Amino acid sequence: MMSGSRAILTFGLMVCCIGPAVAEDAPACASFAWSVARDRTAFAATNLPLLASGSTLPAGTGAVQVALKPAADVALPVQSERMAKPGDLTGILDRAD
């Protein structure tokens, strides 16, 4: 019985060790039904504009950084389904039409 348990334990450890290594071969978003390559490139830029939470995103703007605030200080347009925890941060932007 011990040898069977050891085989199961060994197999389980192999799956745990090999699984993450195989998963790292492709990014998680590679399995999406649409390409996110353009979005990934936009967010990889080093000179993204920084917008304060509550400000308006100018028309035609791509990726931006949002300065987050404590969740208690931000009025969301739709109440979150879960209560904010102490230390949670959030941010919101308006979109220019």
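Computed values, structure above
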read-out: Residue count for the stretch 39-82, restricted to those that are closer than 16 Å to Arg95 by Cβ and assigned to a loop (DSSP other than H, G, I, E, B); value: 14
read-out: Subset of the stretch 57-97 (residues that are among the acidic types (Asp, Glu), over 25 Å from Thr46 (Cα atoms) and touching a strand residue (DSSP E or B) at 6+ places or on another chain (Cβ under 9 Å)); value: Asp73, Asp88
read-out: Residue that is surrounded by the most Cβ atoms within 10 Å (Cβ to Cβ) [pool: residues in the stretch 37-89 that are among the β-branched types (Val, Ile, Thr) and within 17 Å of the chain's Cα centre (by Cα)]; value: Val66
read-out: Criterion: modelled with pLDDT under 85 and of a type outside the set (Phe, Trp, Tyr) - qualifying residue of Pro49, Pro27, Pro70; value: Pro27
read-out: Cβ-Cβ under 8 Å pairs, at least 6 apart or on other chains, the stretch 50-76 side free of Cβ contacts under 8 Å to residues at least 24 places away in the same chain and farther than 22 Å from Gly87 by Cβ, far side of a type in the set (Gly, Ala, Ser) and surrounded by fewer than 15 Cβ atoms within 10 Å (Cβ to Cβ); value: Gly62/Ala42
read-out: Count - residues of the stretch 83-97 that are modelled with pLDDT of 85 or more and part of a loop (DSSP other than H, G, I, E, B); value: 9
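The values are calculated or read from the model by the stated rules, or taken from the named source; none is laboratory data. In this text the structure is predicted, and so the values were computed from the model without any measurement. FYI the Cβ positions are ideal-geometry reconstructions off the backbone, even for glycines, and counts take in every protein chain you see.
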